[in-house]
Amino acid sequence: MYFLGVDLGTSSVKLVLIDEIGAIIRTTSRDYPLSMPHSGWSEQDPAHWWVESKQGICDIFEGLDKSQLAGISFGGQMHGLVILDEADTVLRPAILWNDGRTMEETAYLNTIVGKDTLASLTANIAFAGFTAPKILWVKKHEPDLFAKISKIMLPKDYLAYKLTGVHCTDYSDAAGMLLLDVANKCWSEEMLDICGITEAQMPKLFESYDVVGTLLPDVAAELGLPETVKICAGAGDNAAAAVGTGTVENGACNLSVGTSGTVFIASDAFTLPDNNAIHAFAHATGGYHLMGCILSAASCNKWWMEDILKTSDFAKEQESFVPLGTNGVVFAPYLMGERTPHNDPQVRGAFLGLGMDTTRGQMTQAVMEGVAYAMRDSLEIAKSLGVDIQSTKICGGGAKSPIWKQIFANVLGIPVQSVETEEGPGLGGAMLAAVGCGVYPSVKAMAAEVVKVTDTTMPDMEIHALYNKGYAQFSTLYQAVKHIKA
């Protein structure tokens, strides 16, 4: 039997096909455009997701027996707003996770409604990227469209709907909407009222591994797949990536160093951070997790290399680094604003400590170190809650750089583990499909069987001590640059 994971990302959809023992049969990806019609805005047409996902399914099964496909599930970019009318027609381009237009709505939620109230209702406070502020923005700026809303969905759930005709979501993705009572796993009636919407407009809630339906006959015929293929709810990209890296046991940690950067810490029990500086979400395992997110991670390095230095030879640029822990240049990686712990979509990045003797290599190194420092911010908050983090997995584009893994190990002071298969949310989605189809009894059981650690980067504790000094300097940087706005 085959199981397909569909990772609906910001720039492309990536598909991963596995068999019943978790071995990867094939992968493929399809790109689609990102629209930024105004400064700070970020949108996509859901039709592009559907077209490219269908083509990806055709591509990945070329030459394979499609009748062996048993299940499909998803990992997907979180927080995006997809709105449908009563005919299930998309009303406007989806407003994505990294869209910063909702400053006024976010401020209203945090100050007028109040952070304490939000935390009591949803276990989180408002961030510009979350879905609820986007709904309020549409209500204020596009009232005609708001009046036509019949269903509110998240990006990956639009694909599930197109495959099954079912309006669904899972708890891990819904937790990032600021509409879910995370502790009790139900829609918050109070938050729906605040946003001027009803529960009838919301999708049905499922665990990530739950079967939500089977393929619609016309879709099955178009794709050449059996109508019996089971579609499972899937998970938000970070929860799906955590499944794919085996970050499922209580206290397990994963760093995802992609376009954005996340610190993901699994928990069997619900935990509410005192200061809401990091997120308290549901996990794809049926449990919960804490998560910190920086809006620019590997994208900082890509910007610096390709747009500023005009090079694609990333490895060569790293040959001129100074010894780790001795770089006097510090970088604030706030190129798209920042989420945790600062919740400031308008702040922008900066270099500190430049001198006439500063080298190109030092600035390149500072970019990579600045991302590691910013992700340590979230880890420190989790540790303040009593979470004992002994090691971390790592995935994403940044995980492919040995020197960056060493920087992370030394900045955090813990071992950084790479896994055998670095397919992140796509693999996690495929694993959720296998669990949903009954091949494994639980997500934890499958992760224990399938996910293998292949490499561990150990910290040098003497260098870690040097980085502690650098981190102390970095910790003052936000206050210095927070008035530099977009």
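Pairing the Cα long axis of helix 155-164 with the longest principal axis of the chain, what angle in degrees results, from 0 to 90 and rounded to the nearest 10?
That works out to roughly 20 degrees.
Can you tell me which of 426-436, 113-123 comes out highest on packing, and rank the rest after it, using the mean Cβ neighbours within 10 Å?
On the way: 426-436: 31.6, 113-123: 17.6.
Put in order of decreasing packing, that is 426-436, 113-123.
Once you charge only the Cβ atoms, +1 for Lys and Arg and -1 for Asp and Glu, what is the size of the charge dipole of the range 2-238 about its Cα centre, to the nearest 20 debye?
Details: 18 positive and 33 negative charges, 52 e Å.
Here the size comes out at about 260 debye.
Taking a cut-off of 23 Å between Cα atoms, list the lysines near residue 452, but don't count ones fewer than 8 places away on the same chain.
Output for residue 452: 14, 393, 400, 405, 444.
With each run of n ≥ 4 DSSP H residues scored as -39500 (n - 2.57), what mean residue ellipticity at 222 nm is computed for the chain after dividing by its residue count and rounding to the nearest 500 deg cm²/dmol?
Details: 18 runs with 165 residues, N = 486.
Taken over the chain, the calculation gives -9500 deg cm²/dmol.
Just add up the charged neighbours of residue 440: K/R +1, D/E -1, any other residue whose Cβ is under 15 Å from the Cβ of residue 440. Kindly include the intermediate steps, with their values, before the conclusion.
Details: positive: 230, 444; negative: 19, 20, 207, 210, 449.
Residues near residue 440 contribute -3 overall.
Hey, any idea what Rg/Rh is for the range 297-429, computing Rh the Kirkwood way over Cα pairs?
0.96
Need one number: % antiparallel among DSSP beta bridges in the range 2-238, to the nearest 5. Write out the running numbers ahead of the final one.
Values: 27 of 41 bridges.
Given both bridge residues lie in the range 2-238, the antiparallel proportion sits at roughly 65 percent.
Of 304, 342, 442, which is farthest along the charge dipole of the chain in the positive direction, counting Lys and Arg as +1 and Asp and Glu as -1 at C-beta?
Sorting the options by dipole projection puts first 304.
Rounded to the nearest 5, what % of the DSSP beta bridges within the chain are antiparallel ones?
Details: 52 of 72 bridges.
Bridges in the chain that DSSP calls antiparallel: roughly 70 percent.
Assign unit charges at the C-beta atoms only (+1 for Lys and Arg, -1 for Asp and Glu), then state the dipole size of the range 28-99 relative to its Cα centre in Debye, rounded to the nearest 20. Before the final figure, lay out each step's value.
Numbers: 4 positive and 11 negative charges, 26 e Å.
Roughly 120 debye, rounded to the nearest 20.
Below 8 Å between Cα atoms, with a sequence gap of 6+, how large is the relative contact order for the chain in percent?
Across the chain, relative contact order equals 17 percent.
Work out the charge dipole of the chain with +1 on the Cβ of Lys and Arg and -1 on the Cβ of Asp and Glu about the Cα centre, then indicate which of 169, 252, 72 is farthest towards its positive end.
Ranked along the dipole, the leading option is 252.
What does the charge dipole of the chain about its Cα centre add up to, to the nearest 20 debye, if the Cβ of each Lys and Arg holds +1 and the Cβ of each Asp and Glu holds -1?
780
Name the residue farthest towards the positive end of the dipole of the range 2-238 from the options 186, 95, 21, assuming +1 on Cβ of Lys and Arg, -1 on Cβ of Asp and Glu, about the Cα centre.
Farthest towards the positive pole: 95.
Given the Cα-Cα distance of residue 68 and residue 193 and 0.36 nm per residue of separation, how much length would full extension add, in nm?
Values: separation 125, 0.36 × 125 = 45.00 nm, distance 4.54 nm.
Answer, rounded to one decimal: 40.5 nm.
Calculate how steeply helix 461-474 sits against the longest principal axis of the alpha-carbon atoms of the chain, using the helix alpha-carbon long axis, and give the answer as 0 to 90 degrees to the nearest 10.
80
Within the range 93-107, which residues have the backbone N less than 11 Å from the label spot 7 Å out from residue 45 along Cα→beta-carbon, could you tell me?
What the label zone holds, given the 11 Å backbone N cut-off, is 93.
For residue 320, what is the net charge nearby, where nearby means another residue's Cβ is under 13 Å from its Cβ and Lys, Arg count +1, Asp, Glu -1?
Values: positive: 316, 360; negative: 313, 317, 319.
That sum, taken over residues with Cβ under 13 Å, equals -1.
Take the alpha-carbon centre of the range 132-170, take the same for the range 38-77, and report the distance between them in whole Å.
19
Can you give me the angle between helix 360-384 and the longest principal axis of the chain, using Cα atoms only, in degrees from 0 to 90, rounded to the nearest 10?
60
Only the coordinates and a few stated rules stand behind these numbers; no lab work does. Computed from a predicted structure; not experimentally measured. When we count neighbours, we look across all protein chains shown, and the Cβ atoms used for this are built from the backbone with ideal geometry, even at glycine.
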